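One structure below.
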Amino acid sequence: MANNQDKFKQVIAHAKEYGYIFSSSEIYDGLSAVYDYGQNGVELKNNIKTYWWKSMTQLHQNIVGLDAAILMHPKTWKASGHVDAFNDPLIDNKDSKKRYRADVLVEDYVEKLEQKVQKEIAKAKKRFGDNFDESQFVSTHPRVVKYRTRSKEILERLAKSLTEENLADVKALIEELEIACPATGSRNWTDVKQFNLMFGTKMGASSESASDLYLRPETAQGIFVNFSNVQKTGRMKIPFGIAQIGKAFRNEIVARQFIFRQREFEQMEMQFFVKPGEELKWFEYWKDQRQAWHDSLGLGKENYRFHEHEKLAHYANAATDIEFDFPFGFKELEGIHSRTDFDLKAHEKLSGKKLQFFDHEEGESYTPYVIETSIGLDRMFLAVFSAALQDETLDDGSSRTVLKLPSILAPVKAAVLPLLKRDGLPEIAEQIVEDLKWDFNVDFDEKDAVGRRYRRQDAAGTPFCITVDHDTKDDDSVTIRYRDSMEQKRVKITELKSILNAELSYKTWLKTK
Ligand code: ATP
């Protein structure tokens with residue numbers, strides 16, 4: 001198995017080679033931390049969106065969708081706190097001239113301590129075998145207890161300094177921990193400074209009359225400002241949710257992790273409005289729901305973990321991250337936040353418009369509380385793609401690279417392959433494509449020997465290959481080959497549609513996996 005850095009390089013190279021992801025404006029040497037999705041990438045991305053959208057809106061009677069504009073009235077960002085507080089603490093290394101997020105440097109240090117803990121656990125597991133009691137081990141083993149206590153102290157101090165805007169203490173912490181520049185090992189740091197992440201732009205024809213706007217740094221505010229529009233026109237009753245997928249922009253300080261941290265990216269967000277006092281019950285509900293959604297894709301439970309926040313954002317009274325084991329370690333994939341009534345109240349105050357719900361049963365109006373689930377579409381793409389990319393050694397000793405994407409998300413569902421380019425086989429294959437293309441994204445592929453075509457489709461992530469051979473002419477049967485097991489079955493052409501339907505049913509995927 002390739003080590004993590006090699007694996008990450010392999011992911012990036014494979015994503016390019018198979019038309020998933022290109023650097024933006026690559027012919028001009030690219031634009032830092034901005035990416036384009038190629039012919040396969042756009043399909044995978046759209047399929048992830050649909051998988052999320054269906055689960056959120058179609059499967060919940062009380063959740064509806066929205067598509068708000070990227071440009072919003074500038075007061076939106078004043079009310080939301082983004083103008084004053086959407087900052088990241090940055091620090092520069094004076095020798096290497098490299099810039100880092102100060103909080104990330106500290107978090108990475110803590111992650112290293114956690115890796116030591118995991119090593120101790122793995123060692124002990126081996127030693128004690130079936131008798132191993134992990135929870136007892138981590139609460140009593142002196143080294144593990146020391147690492148965990150130290151981590152907790154460090155994170156609490158970081159959270160406190162950031163909340164109090166005590167940037168001098170963040171720097172002091174970095175120095176005390178002897179954190180060095182990851183690129184060069186230098187410990188010659190500047191002071192920590194705050195940096196606002198919003199992109200500014202201008203609207204209007206002449207420079208005098210133009211007004212200053214921001215590209216939205218999150219999609220959530222488009223939902224909050226439309227709360228009353230949707231609630232009234234949709235006659236929605238609390239509890240209810242509004243879901244949205246759309247672009248967001250952040251001028252990230254450090255963006256070196258491919259599509260994990262981009263300056264232009266997409267979010268899939270849902271704001272769920274509840275009665276005040278019931279928010280923590282719904283917070284737990286949405287944690288479970290979102291975990292179940294991730295589980296349904298079968299990327300491996302061991303690749304996920306929950307991380308409760310030590311430092312709560314200014315608007316939250318509970319928050320957790322769903323972290324995924326990316327090729328560069330466990331990092332945030334999705335955030336679930338209990339945002340209280342902060343946003344609606346703030347918009348009410350600045351706009352002078354009421355953003356409340358009249359509860360007929362109680363006979364009173366109130367400002368709802370909000371639970372938010374917010375997942376980065378690009379991060380989900382990277383999670384799916386990196387978990388799917390595998391090198392396998394086969395029984396005959398040969399090897400293959402296979403992209404085991406969940407079939408429901410795969411860009412091309414089936415490739416139809418005539419065994420030879422003659423004897424009427426391509427015509428039959430084309431007819432099969434013609435029949436299937438209305439319901440499934442299918443490809444026709446006749447170049448190279450069939451074995452090579454299988455390998456190519458494996459690497460591109462196509463879950464099924466349908467091969468037409470000479471027998472097809474006599475018995476109207478074809479061979480269907482399964483990407484993951486490489487099993488081959490003989491089936492009638494007329495059965496293909498129902499086979500694919502069964503494999504690619506949203507119900508099966510979302511309900512039972
Ligand atoms: P991080 O701590 O990694 O910067 P965040 O806590 O600021 O993320 P949120 O504001 O909670 O992120 O945004 C919700 C989701 O949007 C995140 O869980 C992540 O999946 C996604 N996201 C945030 N920033 C980026 C980015 N720069 N590029 C890609 N996805 C992002």
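Somewhere in the stretch 311-332, is a residue part of a loop (DSSP other than H, G, I, E, B) and free of Cβ contacts under 8 Å to residues at least 24 places away in the same chain? Steps first, answer last, please.
Going residue by residue through the stretch 311-332, those that are part of a loop (DSSP other than H, G, I, E, B) are 311-317, 327-328.
If we keep only those that are free of Cβ contacts under 8 Å to residues at least 24 places away in the same chain as well, we get 312.
Yes, that holds for at least one residue.
Could we say that residue 357 is within 16 Å of the ligand (Cβ to nearest atom) and at negative phi here? Explain how you work it out, then say what you get.
Working: within 16 Å of the ligand (Cβ to nearest atom): no; at negative phi: yes.
No, not satisfied.
What are the pairs with Cβ atoms under 9 angstrom where one residue, in the stretch 374-399, is in contact (Cβ under 8 Å) with a residue 60 or more places away in the chain and open to solvent by 20 Å² or more (accessible area, probe 1.4 Å) and the other, located anywhere, is near the ligand (Cβ under 10 Å from one of its atoms) and in a helix (DSSP H, G or I)? Sequence gap at least six, or different chains.
From residues that are in contact (Cβ under 8 Å) with a residue 60 or more places away in the chain and open to solvent by 20 Å² or more (accessible area, probe 1.4 Å), the pairs are 379/259; 379/260.
Residue by residue, here is whether (1) assigned to a helix (DSSP H, G or I); (2) over 26 Å from residue 17 (Cβ atoms); (3) charged (D, E, K, R); (4) touching a Lys or Arg at 6+ places or on another chain (Cβ under 7 Å) holds:
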{"residue": "408", "(1), (2), (3), (4)": "no, no, no, no"}
{"residue": "412", "(1), (2), (3), (4)": "no, no, no, no"}
{"residue": "416", "(1), (2), (3), (4)": "no, no, no, no"}
{"residue": "420", "(1), (2), (3), (4)": "no, yes, no, no"}
{"residue": "432", "(1), (2), (3), (4)": "yes, yes, no, no"}
{"residue": "471", "(1), (2), (3), (4)": "yes, yes, yes, no"}
{"residue": "474", "(1), (2), (3), (4)": "yes, yes, yes, no"}
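Pairs only if they're at least six apart or on different chains, beta carbon under 8 angstrom, first in the stretch 240-257 and of a type in the set (Lys, Arg), second more than 10 Å from the ligand (Cβ to nearest atom) and not in a strand (DSSP E or B); list them, first residue then second.
Within 8 Å, the pairs are 247/70; 247/216; 250/198; 250/199.
Give just the number: which of (1) open to solvent by less than 30 Å² (accessible area, probe 1.4 Å); (2) modelled with pLDDT under 95; (3) under 29 Å from the mean Cα position of the chain (by Cα) does residue 218 not satisfy?
The number of the failed condition is (2).
I'd like the full set of residues that are within 13 Å of the ligand (Cβ to nearest atom) and aromatic (Phe, Trp, Tyr), limited to the stretch 307-349.
Answer for the stretch 307-349, where residues must be within 13 Å of the ligand (Cβ to nearest atom) and aromatic (Phe, Trp, Tyr): 315, 324, 326, 328, 330.
Determine whether the stretch 417-439 contains at least one residue that is surrounded by 14 or more Cβ atoms within 10 Å (Cβ to Cβ) and within 27 Å of residue 391 (Cβ to Cβ).
Yes, some residue in the stretch 417-439 is surrounded by 14 or more Cβ atoms within 10 Å (Cβ to Cβ) and within 27 Å of residue 391 (Cβ to Cβ).
Let me confirm something: among 240, 249, 283, 260, which residue is closer than 20 Å to residue 359 by Cβ, at pLDDT 95 or above and open to solvent by less than 30 Å² (accessible area, probe 1.4 Å)?
Numbers: 249 fails: closer than 20 Å to residue 359 by Cβ; 283 fails: closer than 20 Å to residue 359 by Cβ; 260 fails: closer than 20 Å to residue 359 by Cβ.
None of the other options fit; the residue is 240.
Take the stretch 351-373 and flag every residue that is part of a loop (DSSP other than H, G, I, E, B) and buried (at least 17 other Cβ atoms within 10 Å of the Cβ). Before you say what the answer is, go through the steps one by one.
Quick first cut of the stretch 351-373, residues part of a loop (DSSP other than H, G, I, E, B) only: 352-356, 360-363, 367-368.
Result: 355, 356, 367, 368.
Across the stretch 204-215, what is the total count of residues that are of a type outside the set (S, T, N, Q) and either open to solvent by 70 Å² or more (accessible area, probe 1.4 Å) or within 16 Å of the ligand (Cβ to nearest atom) (or both)?
Initial filter on the stretch 204-215 (of a type outside the set (S, T, N, Q)): 204-205, 208, 210, 212-215.
Those still in the list that are either open to solvent by 70 Å² or more (accessible area, probe 1.4 Å) or within 16 Å of the ligand (Cβ to nearest atom) (or both) too: 205, 208, 212, 214-215.
Adding up the residues that qualify gives 5.
Residue 201 - would you say it is more than 30 Å from residue 71 (Cα to Cα), at pLDDT below 95 and surrounded by fewer than 18 Cβ atoms within 10 Å (Cβ to Cβ)?
Values: more than 30 Å from residue 71 (Cα to Cα): no; at pLDDT below 95: yes; surrounded by fewer than 18 Cβ atoms within 10 Å (Cβ to Cβ): yes.
The answer is no for residue 201.
Condition first: over 21 Å from residue 240 (Cβ atoms) and among the β-branched types (Val, Ile, Thr). Can you find one or more residues in the stretch 325-347 that meet it?
Looking through the stretch 325-347, none of the residues is over 21 Å from residue 240 (Cβ atoms) and among the β-branched types (Val, Ile, Thr).
Hey, among 381, 440, which residue is of a type in the set (Phe, Trp, Tyr), closer than 29 Å to residue 270 by Cβ and either more than 34 Å from the chain's Cα centre (by Cα) or away from the ligand (no atom under 16 Å from the Cβ) (or both)? Steps first, please.
Values: 381 fails: either more than 34 Å from the chain's Cα centre (by Cα) or away from the ligand (no atom under 16 Å from the Cβ) (or both).
Exactly one residue qualifies, and that residue is 440.
Does residue 295 satisfy the criteria of being more than 11 Å from the ligand (Cβ to nearest atom), open to solvent by less than 50 Å² (accessible area, probe 1.4 Å) and within 21 Å of residue 385 (Cα to Cα)?
Working: more than 11 Å from the ligand (Cβ to nearest atom): yes; open to solvent by less than 50 Å² (accessible area, probe 1.4 Å): yes; within 21 Å of residue 385 (Cα to Cα): yes.
Here the answer is yes, as residue 295 does meet what is asked.
The values are calculated or read from the model by the stated rules, or taken from the named source; none is laboratory data. Keep in mind that what you see is a predicted model, and the values were worked out from it rather than measured. Every residue, glycine among them, receives a Cβ derived from its backbone with ideal geometry; neighbour counts consider all protein chains shown. Protein only, heavy atoms only, side chains kept; ligands, DNA and RNA dropped before computing areas. Shrake-Rupley method; radii C 1.70, N 1.55, O 1.52, S 1.80 Å.
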